[in-house]
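Colleague: Sharing a structure with you now.
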Amino acid sequence: IFNDLLLISADGAIEPCLYALAKKTGEIKWKAKRESRAKKKFSFCTPLVIEDGESVQIISPASDYVFAYDLKGNQIWKFNYPNGYSVVPRPVYYSGMIYVSSGYDSPTFYAIKTGGHGDITQSHLAWKTRKGAPRNSSVVITNGLVFMAADNGVVSCLDAKTGKTHWIERVASTCSPSMLHAVGKIFLSDETGKTFIFEAQAKYSLLATNDLQEKMLASPIAYQTSMIIRTEKNLWRIDP
């Protein structure tokens with residue numbers, strides 16, 4: 001939701017697009033068709049609204065491309081990640097760059113400089129990596145560090161500006177949930193229901209592990225001073 005708009009990705013097999021609805025009535029204000037010839041058109045990514053200088057942009061990853069639109073649905077730029085589809089991890093904006101993962105089958109993680117127009121694939125790539133790139137889990141960026149969890153539970157800490165690896169560790173088992181950053185720490189839950197807490201620092205330091213012993217696919221959220229976790233059969237509120 002941004003101002004009076006509800007932004008919804010509708011990247012299905014037929015006419016993939018981004019919809020903007022009036023949030024109070026559901027009226028379709030506009031839809032932006034994807035300027036792409038992707039063979040596999042379906043994706044599931046949540047758009048992100050950013051303020052880049054004086055420009056307000058909607059960043060919307062889809063199959064084969066991540067797009068930027070203005071608030072009227074006009075395309076500002078697009079960046080190609082070849083053969084990317086079923087994109088799930090949300091885009092993240094940090095210090096003038098957009099960070100996205102290309103989804104299935106072979107994910108690549110991209111750092112893209114903003115400020116361009118048209119097709120910026122060749123001109124605005126800052127860095128990219130395939131090592132440890134997530135298919136499902138969204139990344140966390142804080143203090144110039146990128147934290148990302150691959151589907152197999154291997155976590156990487158990279159320099160946000162250069163992509164240099166600070167550390168890479170097998171932390172969890174299979175991961176679908178996204179990481180949560182709070183009180184200077186990273187919280188990562190895996191599909192078995194275990195949550196791993198480690199420092200949001202350039203040196204790996206595991207602080208605690210908690211086990212709910214129940215299947216977990218959803219991402220945890222912070223609520224006041226608590227953490228809310230949804231497992232297969234229960235909703236948990238955990239206080240510090």
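The values are calculated or read from the model by the stated rules, or taken from the named source; none is laboratory data. Worth saying up front: this structure is predicted, and the values here are computed from it rather than measured. Heads up, the Cβs are rebuilt from the backbone with ideal geometry, glycines too, and the neighbour counts pull from every protein chain shown. SASA here: full protein model, heavy atoms, side chains in, ligands and nucleic acids out. Shrake-Rupley method; radii C 1.70, N 1.55, O 1.52, S 1.80 Å.
Colleague: Given a 1.4 Å probe and every protein chain left where it sits, what share in percent of the accessible area of the chain is carbon and sulfur?
Modeller: 49
Colleague: Here's a follow-up. Using a basic spin-label model with each label point 7 Å from the Cα along Cα→Cβ, how many nm lie between ASN74 and ASN152?
Modeller: With each label placed 7 Å out from Cα toward Cβ, I get 4.7 nm.
Colleague: Same structure again: Among ASN152, ASN80, ASN143, which one moves the most in a GNM of the chain with springs linking Cα atoms closer than 10 Å?
Modeller: Per the Cα network of the chain with a 10 Å cutoff, ASN143 tops the list.
Colleague: Another question, then. List, in the order given, every pair from LYS39/LYS72; LYS72/LYS215; LYS40/LYS233; LYS29/LYS78 whose Cα-Cα distance in the structure shown is over 31 Å. Walk me through the numbers before you get to the answer.
Modeller: Working: LYS39/LYS72 27 Å; LYS72/LYS215 41 Å; LYS40/LYS233 33 Å; LYS29/LYS78 22 Å.
In this structure, LYS72/LYS215; LYS40/LYS233 exceed 31 Å between Cα atoms.
Colleague: Using only the Cα atoms of the chain, construct the convex hull and provide its projected area averaged over every direction, in square nanometres to one decimal.
Modeller: The number I arrive at for the chain is 13.3 nm².
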